[in-house]
Amino acid sequence: RTHTTQLAGHMIHLSLVALLSSPPVCFTAHEKTTLYCEVPPSADGPVTVFDDSAVGTRTLHWRAGSGKLCTSKWCSSCIQRGADARAGSCRSATASGWTLAQSRSNSLLRKPAALLLGGAVLSLPVMALLLSMPAAAPSVAVARYFAKLEAVRATPTLAQGPVLRAAVALLQFAGAWWFPLVAALGTAVNLFTLVLTAATVVLYLAAVLGRPSRWVSTALANAVGAAAGSYALLLLLRSHGESLLADRFGAVLANPSFDKLMSAMQAHGAAGMLGVSCLPLILHPVVLFGYVSGRSDAEVIGLILAGRTIKYLLMAWLTKNAPGALRFFGIKGALFDLAAKAKAA
């Protein structure tokens with residue numbers, strides 16, 4: 001288990017080195033007589049070498065003519081071939097004779113994929129901690145909520161035509177670096193209006209299509225926007241009480257699925273909150289449940305951020321590669337067409 005943990009740590013470290021350093025990255029293991037590289041180093045230049053010894057990663061200098069790995073560009077000392085791969089005299093018999101081999105089976109991930117993999121690996125212990133928490137015991141506040149729910153049913157409706165038209169007018173800037181921030185702001189504001197849903201979907205899809213190479217950062221920005229709006233709503237709930245939702249969001253409480261979501265989160269605790277946050281649904285049930293179950297602000301917003309990150313990363317990837325599958329998120333083809341036309345323009 002310890003060996004597996006060390007190996008995982010070495011692999012994460014190697015990925016970070018590949019992202020942050022310019023020299024080619026190679027590795028050597030076992031007998032340590034061969035450098036395995038995806039991209040061979042220059043004949044007389046720097047190379048980042050990873051080995052499975054306690055030393056780990058080192059920046060060395062390759063000398064192709066003699067097959068030496070020097071510890072500096074002046075070659076004052078060299079790495080010796082052998083299991084220890086220690087530094088020693090460049091005149092020794094084991095200092096020369098290193099060979100190069102091009103490795104495709106250990107090729108590096110592209111930067112977006114490497115960032116996603118690193119984020120997934122780093123999130124595993126956090127997710128394990130959250131999922132290991134026991135579900136919250138039924139509280140008086142939750143029971144009171146279900147008892148009062150039927151009394152606050154209402155169905156107000158607001159037209160969103162003008163709002164959607166305003167969003168469409170913004171699509172001409174879909175390729176701008178700041179456009180994902182506008183989409184994220186719309187997502188945050190929509191927590192309080194609910195009439196911006198179609199508009200925010202169009203803005204988000206256009207942001208992904210406008211800068212497809214930055215789809216990961218666009219998804220993360222939108223997730224942060226959703227978490228920021230949720231935090232503001234949670235603060236209002238703490239200052240005004242749960243009657244705020246009944247007074248301002250009667251249509252939300254009137255939806256039959258609201259009861260089912262609250263029951264699911266009551267049954268599964270943090271795992272239920274995370275699952276609901278991943279779904280293409282509004283976040284009000286998660287915020288309200290976090291409030292009435294007595295969870296901390298950090299736990300509520302952390303679960304929402306994690307869930308929305310998963311949701312928006314998947315949406316962004318589908319927007320780029322399989323837009324037809326967006327229908328599973330409740331996104332109509334007409335909304336995608338609006339965003340696609342903005343990219344073409």
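The values are calculated or read from the model by the stated rules, or taken from the named source; none is laboratory data. Not measured: the values here are computed from a predicted model. Cβ atoms come from the backbone with ideal geometry, glycine included; neighbour counts cover every protein chain shown. For accessibility, only protein heavy atoms count, side chains too; no ligands or nucleic acids. Shrake-Rupley method; radii C 1.70, N 1.55, O 1.52, S 1.80 Å.
Quick look at the numbers
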quantity: Partner aspartates and glutamates for Lys260 [C-alpha distance under 17 Å; skip if fewer than 8 residues away on the same chain]; calculated: Glu150
quantity: Straight-distance crosslink candidates among aspartates and glutamates, where the alpha carbon sits under 14 Å from Lys68 and sequence neighbours closer than 8 are dropped; calculated: Asp44
quantity: Theoretical gain in end-to-end length, Ala254 to Phe328 [0.36 nm per residue, Cα-Cα removed]; calculated: 24.3 nm
quantity: Solvent exposure, largest accessible area first (probe 1.4 Å, DNA, RNA and ligands not counted), of His284, His61; calculated: His61, His284
quantity: Ser76-Arg238 pseudo-label distance in nm [points 7 Å out on the Cα-to-Cβ vector]; calculated: 5.6 nm
quantity: Hz values of 3J(HN,Hα) by residue in the stretch 74-81 - Karplus curve (6.51, -1.76, 1.60), Gly and Pro given as x; calculated: 8, 6, 6, 8, 10, 7, 7, 5
quantity: Integer Hz, Karplus 6.51/-1.76/1.60 couplings in order for the stretch 290-301, x for Gly and Pro; calculated: x, 6, 6, 8, x, 7, 6, 4, 4, 5, 4, 5
quantity: Heavy-atom SASA rank of Thr197, Thr319 (probe 1.4 Å, accessible area, largest first); calculated: Thr197, Thr319
quantity: Computed label-point distance, nm, for sites Trp177 and Asp247 using a 7 Å Cα→Cβ extension; calculated: 4.3 nm
quantity: Vicinal HN-Hα couplings computed from phi for the stretch 177-186 (Karplus, 6.51 cos²θ - 1.76 cosθ + 1.60; Hz; Gly/Pro x); calculated: 5, 8, 4, x, 5, 5, 4, 5, 4, x
quantity: Packing-based ranking, highest mean first, of 254-264, 180-190 given that Cβ atoms within 10 Å are counted; calculated: 180-190, 254-264
quantity: Cα gyration tensor, the stretch 194-255 - rounded (a/c under 1.5), prolate or oblate; calculated: oblate
